[in-house]
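Presented below is the structure to which this report refers.
The values are calculated or read from the model by the stated rules, or taken from the named source; none is laboratory data. Please read these numbers as outputs of a predicted model, since none were measured by experiment. Note that each Cβ is placed from the backbone with ideal geometry, even for glycine, and that neighbours are counted across all protein chains shown.
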Amino acid sequence: MKRPLLLLPFLLIGCVTTQSLPAEDRSRTYDLDYDFVFDATVQMLAEQGFAIIDAEKDEGIINTDYRAEGSFLSFLSGPTRLKVSALVSDAPNGTRVLLNFDLQDVDDDARGIYNSRSLTPRAARRYYRDFFGSLEDYLAPY
């Protein structure tokens, strides 16, 4: 029994929440107008199935409600949900978008309580890359 416990710290090394990545990995700066980038961010999130619960353009804050995440392995791991918060701000060279994700899985004991999921840095970066790629599709014509 002691040996598996000794391995536990090594299994946990490398797991992160999406917010523990450096801001450089969670943000992008676009050489575009603030209002346009803010509106495109709201539109992209809404079209990806997120209910926008707060969009304060003056403060640059966008918050979504949780959206169910589908996965072909969800029957093994249980339901997963994702919520996005964005901070849009003026930057010296354009408009900066900083994203934060709250990715949660339901706990294993069938109480239906969600807990934040830990991801490897590589998996967390993939979430950000995919979302910024979608945003850039909205910004590309301009």
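Tabulated values for the structure
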| quantity | calculated |
| --- | --- |
| Failed item, numbered, when S85 is tested on (1) at pLDDT below 95; (2) closer than 21 Å to L21 by Cα | (1) |
| Residue within the stretch 110-130 that is part of a strand (DSSP E or B), within 17 Å of R67 (Cα to Cα) and among the acidic types (D, E) present | no |
| Scope the stretch 26-71; condition exposed (fewer than 13 other Cβ atoms within 10 Å of the Cβ) and part of a helix (DSSP H, G or I); matching residues | D35, E47 |
| Residue within the stretch 10-18 that is at pLDDT 85 or above and loosely packed, with under 15 Cβ neighbours inside 10 Å present | no |
| Count of the stretch 117-130 residues which are modelled with pLDDT of 80 or more and surrounded by fewer than 18 Cβ atoms within 10 Å (Cβ to Cβ) | 8 |
